[in-house]
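Written below as structure tokens is the structure these notes are about.
Rule-based calculations on the coordinates, nothing more; no lab input. Everything quoted here is computed from the prediction, not taken from an experiment. So basically every Cβ, Gly included, is an ideal-geometry build from the backbone, and we count neighbours across all protein chains shown.
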Ligand code: WTA
């Protein structure tokens, strides 16, 4: 920079109240972003240079006809578990703790990298003896215990593919996911602890496998110790099998594009989609983003509070931190057990320095009051993160003040199951710059985030539109399991050839990105991703239900909760008992996270002329607002028709409310 340019910048700085445009930190972030976009091969090959590959042939990135966003490291060979574990063995690092774990009842366990390496090898040996080979699928249905980490890493060590199913899902949801992935082995535990009670995981697996002909073996970890049924031919205890397990299993070196895992997530239609991630691109993205966003140093103790059943657990509990050789904390149970200061107590006792959690959790704590965190010394914290939903500025401020003591950096991280890792977030590991409460700030290296209008044209600054990513990035998912056509259709056809994230977004005058919630029929209920159609499909399976429409209603803590409008079949009366029965029915088919907060029995569900449910209109009625803008109701449904539908539904719901 010349002296004149410097002076000009100083002048500009004075002219701008926030000064954010010209923060050197922002310039640095943008420069790296541009560099990675201009030279993706060089940039990402260099990042991959820190990691182990048994072969490095061909370019880092190639465009491929059938893959809208090309392929990363397709001819390179590596193993994800090797890079998380073996890379540290034989170095000083092997004696560093990888995980300090605490169970809900208070039991504790610490595993060094060497311990973890041993356990993962033994676990891989058991899976191999059960017949698991490269490319096979293994379903993992586990509580938050170290064995869940072993199971996942052991699976990828063998070149097999894991499909982790969140422990809150029911037998039916589990069976559907096992069948879709055609897993031949299921790993589970007798149970897990949640608010002092046992979640009976093995029992749920027993019900699920009645419907899954391909499952040959169920491996059971003893956690809670309550009696469980064991099928002699099918089930085996981990603590028995491990006695004869080998201490070393050679990691299978797989091509960069070999799938590492499938993770089912909700989309617009009722059937969950199996997002399928690569090995090398995914690994390189986590290696990079974990450093950029969390800036983990050898002095840090890092804690991501997510569940391993969601992508945040995969990327930022299991793989990202171990690729960086970090020391993590991991916790099994509920935040309010035995009291609302459980987290703050653990942060104080273990001296956690980086905390990564969700806005829903933060709002839950706000409701309980400052008295809980105030009882504890949280001075070890230096970076505090947020993920899963937009963080409202009030929650951001509370988090900043009462958890971060007005000095911690808040990293609000925007990403999705499909993106593999964080795409937009503050990056204290790279550069510092002013934050704005509620904004995820700027894209990471090589992320070409563009907010576009309905026609795909970039929106002017300050205008809300759709988030798109207009250049491939290494962490991108490769396909939807068993449905490549759907992959192309859902993500790359709305704006031909570019990635459609299905989120609303806005870039402000200073260039900061604001993520404004889903633009499709997906809800975020306490950070869990659930589609409205999935719940409608569950309701319609009940013999009394003729039709239903589900929407997400605003909620103070969970952000959204499902609310259902139900039309009954002739002969069924809208009684409180039937309502209760329907709630239980949804709980049994999908799990507690999908249960509607309210069911309204109605005469009619408002639809457009092309029979699309007018969800926005329903939301207006349910949230007791006047009818909003109807000019964008997709097809030519007239304002008159919309008004009539609004009034009819309102009359129905008013009647139901009284
Ligand atoms: C939402 C979770 C605003 C968004 C990692 C996205 C966010 C969906 C943020 C993906 C954030 C996630 N700000 N919204 N920082 N992080 N979202 O697949 O709507 O469970 O599309 O992945 O969560 O949810 P998923």
statement: When 319, 646 are arranged by how many other beta-carbons sit within 10 Å of their Cβ, fewest first, they go 646, 319
message: Test of understanding: what is the full-extension gain from residue 374 to residue 242, defined as 0.36 nm times their sequence separation minus their Cα-Cα distance?
response: 43.1 nm
statement: The FRET efficiency for residue 93 and residue 134, from their Cβ-Cβ distance with R0 = 30 Å and rounded to 0.05, is 0.60
statement: Given 356-368, 139-151, the highest-first ranking by average Cβ count within 10 Å works out to 139-151, 356-368
field: Between segment 62-95 and segment 222-278, the alpha-carbon center distance in angstrom
entry: 20 Å
task: With r as the distance between the Cβ atoms of residue 463 and residue 334 and R0 = 41 Å, compute the FRET efficiency 1/(1 + (r/R0)^6) and round to 0.05.
output: 0.50
task: Pop a pseudo-label 7 angstrom from the Cα along the beta-carbon direction at both residue 22 and residue 55 and give the gap in nm to one decimal.
output: 5.3 nm
- prompt: Quick one: what Rg and Dmax do you get for the chain from the alpha carbons, in Å?
  reply: 24.9, 83
query: residue 598 to residue 65: extension gain in nm, 0.36 nm per residue of separation minus the Cα-Cα distance?
result: 187.2 nm
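Given axes a ≥ b ≥ c from the Cα gyration tensor, I'd like to know whether segment 357-412 is rounded (a/c under 1.5), prolate (a/b larger than b/c) or oblate.
oblate
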message: Per q in 0.16, 0.21 Å⁻¹, report the Debye log10 I(q)/I(0) for segment 526-657, using one uniform scatterer on each alpha carbon and no solvent.
response: -0.80, -1.31
R0 of 56 Å, Cβ-Cβ distance residue 108-residue 657: FRET efficiency to nearest 0.05: 0.70
- prompt: How many angstrom separate the Cα center of segment 501-530 from the Cα center of segment 465-494?
  reply: 17 Å
message: Give me the Å³ per residue figure for the convex hull around the C-alpha atoms of segment 348-445.
response: 102 Å³
- prompt: So what's the back-of-envelope 222 nm ellipticity for the chain, counting only DSSP H runs of four-plus at -39500 (n - 2.57) apiece and dividing by all residues, rounded to 500?
  reply: -9000 deg cm²/dmol
task: Extending each Cα 7 Å along its Cβ direction at residue 210 and residue 573, get the distance between those two points in nm, one decimal.
output: 3.2 nm
query: Listed highest first by mean packing, meaning other Cβ atoms within 10 Å per residue, what order do 248-256, 22-30, 556-564 come in?
result: 556-564, 248-256, 22-30
query: Points 7 angstrom from Cα along the Cβ direction at residue 610 and residue 351: gap in nanometres?
result: 6.1 nm
Global geometry of segment 266-337, whether rounded, prolate or oblate, following the gyration tensor of its Cα atoms and the 1.5 cut on a/c: oblate
query: Going out from 0 in 5 Å bins, what whole percent of all Cα-Cα distances in segment 328-367 drops into each bin?
result: 6, 19, 32, 32, 10, 1
message: Quick check: from the Cα gyration tensor, does segment 162-241 come out rounded (a/c under 1.5), prolate or oblate?
response: oblate
